[in-house]
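Q: One structure is given below, represented as structure tokens, and several questions about it will come after.
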Amino acid sequence: MASYVLRRILLMIPVLLGTTFVIYAAVYALPGDPVQALAGPDHVVTPATAAAIKEHYHLGDPFLVQYWHYLTGLLHGDFGIDLANTPVSAIIAASWPVTVKLAVMTWIIEAVAGVGLGYLAALRAGRLPDLAVLGGSSLVLGVPYFITAYVAQIVLGVKLHWFPVSGTDDGWPLSYLVPALCLALLGVPEIARLTRASVLENLGADFVDTATAKGLSRSRVLVRHVLRTSLVPVVSMLGTNLGYLLSGTILIEGIFNLPGLGFQVFQSVQQHDGPTVVGISTLLVLVFLLVNLVVDLLYGVLDPRIRLD
Amino acid sequence: MTSALQPATPAAPAVAAVPGAAGPSRRVERGTLHRLARRPRFFLPLAVVVLLCAMAAVPSAFAGWFGHGDPHRCSLEHSGQGPTSGHPFGFDVQGCDLYSNVVHGARDSLGIGLLTTALTLVVAVVLGSLAGYFGGVTDMVISRLMDVFFGFPMLVGMIVVLETFSVHSILSVSLVLALFSWPVLTRIMRSSVLATRGLDYVTAARELGAGPLRILLRHVIPNAIMPVAVLTSITVGGVITAEASLTFIGVGLSAPAISWGVQLNSAQQYFTVHPGLLLFPALFLSLAVLSFVLLGDCLRDAFDPRLR
């Protein structure tokens, strides 16, 4: 177990290096003048400003040296300084609680609704609940979620006044409910379909027959044996879904004015604030990788056949 | 596994049936296509897709149905007005006819969807085949590269790259979208090739002295491409959504371009007063994505034997 965790962490290093490298290269090395990009595209850059920016961001150095500077800074917890001279780590510190609240709520909705609907569909395979879940999931996948979010905002917030229109003034959970529901629409259809397929597969497995033959009650067989085993691929998907979820916060937090990490990226993009975008993206990638490690460690807990070593 | 792969042999029909994916239709599996053609689940989305493609190809033929049909003939006195005769969707903030704008918006959205999917498909088939067939170092390099791109929250990566581009054209947006969407299909292609390369007829071809290129092109790829090909239509739907999201937050296409994303982006400030500005582009966008996804679902169910 310990050696498995160690190996997984070692495997994360090249991936993390690769991702930060791509992000860094994208922002600082692609066509376009980095000094102008750092100063903002609409600013007139005086020679003195240009020199100061070059000095500060080590732009005179070769690209790999620049990347090395950024990386060592990152390892010391230094995410750089944004265009308004605020440390990016301060922006992150101020905005992560909002994103965590939103993400956790979305994740819970995804897990409960996705697994519940998929389980229901599998137990009633080929009948009305099954067809409703399958049809409904196609429909939800077909409508882009940011459009659903806008419509929900207009109908539930502006017209009906049932929920806050935007912002976090009403606190958790009220302000986060509609945004989390809209964001969960990204994951629920896929999780429901996967749960359905997985449960259907396990219903016919030998260990289910064994459990039934031992005289266990139907509900105990379904929950302890079928559902538990069926959750393995679902948990894995919940992990990979986190990537989409974190991406989704950019649009959802932007639409609902929740001042989280995604909202900061949304704003920084519009203000062409490179350092903030790079810093927060790097953090999101790191979180994604760590969560997926934890998810993989959960496999062994769910399915006793899987041994991690 | 062998039995599961046999129905996948005629790879061409799925490619031919998916709009936009170019592929030589060698041998058409009559049975499956005939069965499909009688299902409303298949031909309804297909009809919408064909209609939208026609709209994208010759927008002027559709734009003039009700009024003048010129998206650029605008007058500010009509700014934000609701539907009137000759202008069924009303006017946008600049006083341009919204209906003809929405019709003309089909071209950029579908163009990016089809171009990106074609690019993704090519990369997935090439890299997936190489990784799956040769294994070893090739596989390790390609797989780690996939991990890097899987590690990204996709939208964040696309924003970062697009932000640094000065020109946001159909081509540049498609390239960026393809850059972040290839790993999904590549991974599927790789595992499909892995399953195919050990089959007897591949071994037989190798024993007969066929080189790796010939084996890949004639024996492995045609038999392994099915799981990827059936995902083409769903991918188009996903790409159209992604493009609209990017344009919507302001890093995709921008104003002089006419696209649904641009229209949604400019509707952001006005939708509480003029909900039509948001509603009509959103309706067309959803219709397009929904049709591609439903069509893809249906194709996947019909052609991917593993999901039966």
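Q: How many residues, within the range A:134-147, are more than 7 Å from chain B (Cβ to nearest Cβ) and either closer than 18 Å to residue B:155 by Cα or crowded, with 21+ Cβ neighbours inside 10 Å (or both)?
A: Selection size over the range A:134-147: 2.
Q: Here's a follow-up. Looking at residue A:130 and the list (1) more than 27 Å from residue B:288 (Cα to Cα); (2) open to solvent by less than 10 Å² (accessible area, probe 1.4 Å); (3) more than 25 Å from the chain's Cα centre (by Cα), which single condition is not satisfied?
A: If we test residue A:130 against (1) more than 27 Å from residue B:288 (Cα to Cα); (2) open to solvent by less than 10 Å² (accessible area, probe 1.4 Å); (3) more than 25 Å from the chain's Cα centre (by Cα), just (1) comes out false.
Q: For a quick check of your reading of the model, give me the residue pairs whose first member lies in the range A:78-90 and is among the acidic types (Asp, Glu), whose second is open to solvent by less than 70 Å² (accessible area, probe 1.4 Å), with beta-carbon atoms closer than 6 Å and at least 6 apart or on different chains.
A: So the pair list comes out as A:82/A:88; A:82/A:273; A:82/A:275; A:82/A:276.
Q: Follow-up question, since we're still on this one. So how many residues does the range B:198-223 have that are open to solvent by less than 60 Å² (accessible area, probe 1.4 Å), more than 28 Å from the chain's Cα centre (by Cα) and closer than 24 Å to residue B:121 by Cβ?
A: 3
Q: For the range A:209-247, what are the residues that are within 13 Å of another protein chain (Cβ to nearest Cβ) and more than 15 Å from residue A:114 (Cβ to Cβ)?
A: A:243, A:246, A:247
Q: Tally the residues that are surrounded by fewer than 24 Cβ atoms within 10 Å (Cβ to Cβ) and farther than 24 Å from residue B:303 by Cβ, restricting the search to the range B:224-244.
A: Residues flagged as surrounded by fewer than 24 Cβ atoms within 10 Å (Cβ to Cβ) and farther than 24 Å from residue B:303 by Cβ within the range B:224-244 amount to 0.
Q: Still on this model: Within the range B:259-284, track down each residue that is open to solvent by 30 Å² or more (accessible area, probe 1.4 Å) and more than 10 Å from chain A (Cβ to nearest Cβ).
A: Correct list: B:265, B:266, B:269, B:270, B:273, B:274, B:280, B:284.
Q: Okay, moving on. Among the listed residues B:87, B:78, identify the single one that is open to solvent by 50 Å² or more (accessible area, probe 1.4 Å) and touching a strand residue (DSSP E or B) at 6+ places or on another chain (Cβ under 6 Å).
A: On inspection, the qualifying residue turns out to be B:78.
Q: Checking the conditions here, which among A:286, A:258, A:293, A:297 is away from every other protein chain (no Cβ under 11 Å) and open to solvent by 20 Å² or more (accessible area, probe 1.4 Å)?
A: Criteria check complete, one pass: A:297.
Q: Could you list, in sequence order, all residues of the range B:162-195 that are within 13 Å of chain A (Cβ to nearest Cβ), assigned to a helix (DSSP H, G or I) and open to solvent by 10 Å² or more (accessible area, probe 1.4 Å)?
A: If the condition is that a residue be within 13 Å of chain A (Cβ to nearest Cβ), assigned to a helix (DSSP H, G or I) and open to solvent by 10 Å² or more (accessible area, probe 1.4 Å), then B:163, B:164, B:172, B:175, B:179, B:181, B:184, B:187 are the ones that fit.
Q: Examine the range A:257-273 for a residue that is at pLDDT 85 or above and acidic (Asp, Glu), and state whether such a residue exists.
A: no
Q: Scan the range A:4-18 for residues that are open to solvent by less than 40 Å² (accessible area, probe 1.4 Å) and within 12 Å of chain B (Cβ to nearest Cβ) and report the count.
A: Counting residues in the range A:4-18 that are open to solvent by less than 40 Å² (accessible area, probe 1.4 Å) and within 12 Å of chain B (Cβ to nearest Cβ) gives 3.
The values are calculated or read from the model by the stated rules, or taken from the named source; none is laboratory data. Just so it is clear, the model here is predicted, and its values are computed rather than measured. Please note: Cβ atoms are built from the backbone with ideal geometry, for glycine as well, and neighbour counts cover all protein chains shown. Heads up: the accessible areas ignore ligands, DNA and RNA and are worked out on the full protein's heavy atoms, side chains in. Shrake-Rupley method; radii C 1.70, N 1.55, O 1.52, S 1.80 Å.
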